[in-house]
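Below is one structure, written out as structure tokens; comments come after it.
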Amino acid sequence: GWLSDRLGLVGIEPVKLDIITETALDKRMPVDAFKAFGVKLAKRGREKRSVCRVDVYNEAGEVHSHFDLWPQSKGKLKHKTPDCENPSGLFFPGRLPQPGEAWIAVEGVKHAAALVGLGFNAFGYCGSRLNEKYGPLFSGVDITVVPDLDLTGLMGAEHTAANLFGIASSVSVGRLPGSVKDSGGDDVRDILKRPDGETLVRKTIDDAEPWKPNPDLEHHDDRPEVLVSMNEAMVTDRVVSHLGTLGWKTKW
């Protein structure tokens, strides 16, 4: 058009990004960090949609499934098949954690890739919590769980921490800055969008508090008390902690 003529851009074809780069930019992940999670080009479904196919690990630490992601989508797991009835699992950046290492646990591959881009060891789990069957993969590892700022995420972090407690060398939970929402709360990548986002995320991890089961909640006859104050964030965190710990032995 007129602007192209004025700028002398006539005849210059726009640069077309590959699907992996396009998806990484759309989801605010460093491209190389995203690729570390075993990303491959693939086609999904009858419509043969171009997708980024991410490796998904089972409780044995083996790639057994995949997760497809593309721009403007939340992504989808592999369809169930006779040889893979449960395609859910964990996302690792090409290797498993080793004893003595420190790892960050988050919801999904997108947040994990964002943290790997900052130089952290990070893994993601499907959904809001890590199932207890994956616990042995983290023997001797220092884990920091960083949940999304909503009730599902905070309760999921309690279950995740409980399922790692006594197996991991240490388990801590970090709280991102901001208010807790019923759903759709801020996550790692939301915080990273802020001008001081990286500093805030690093502070969240540095300030993470050690998690331990509350012995007062192991007896169902005991009713925990929370002192209600004007500090909404603290009250919410305490309630979620009590609810999560109350069911920490439940299998999910």
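The table below gives the values:
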| quantity | calculated |
| --- | --- |
| Amide H contacts under 5 Å for W211, placed H, 5+ residues apart | V171, S172, V173 |
| Cα Rg, Dmax, region 117-208, angstrom units | 13.0, 39 |
| Relative contact order for region 115-192, counting Cα pairs under 8 Å that sit 6 or more residues apart, in percent | 33 |
| Which listed pairs, of K40/K80; K35/K181; K27/K78; K48/K80; K16/K78; K48/K76, have C-alpha distances above 22 Å, in listed order | K35/K181; K16/K78 |
| Rg/Rh ratio calculated on Cα atoms of region 24-181 (Kirkwood radius) | 0.96 |
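No lab work stands behind these numbers, since they all come straight from the coordinates. Everything quoted here is computed from the prediction, not taken from an experiment.
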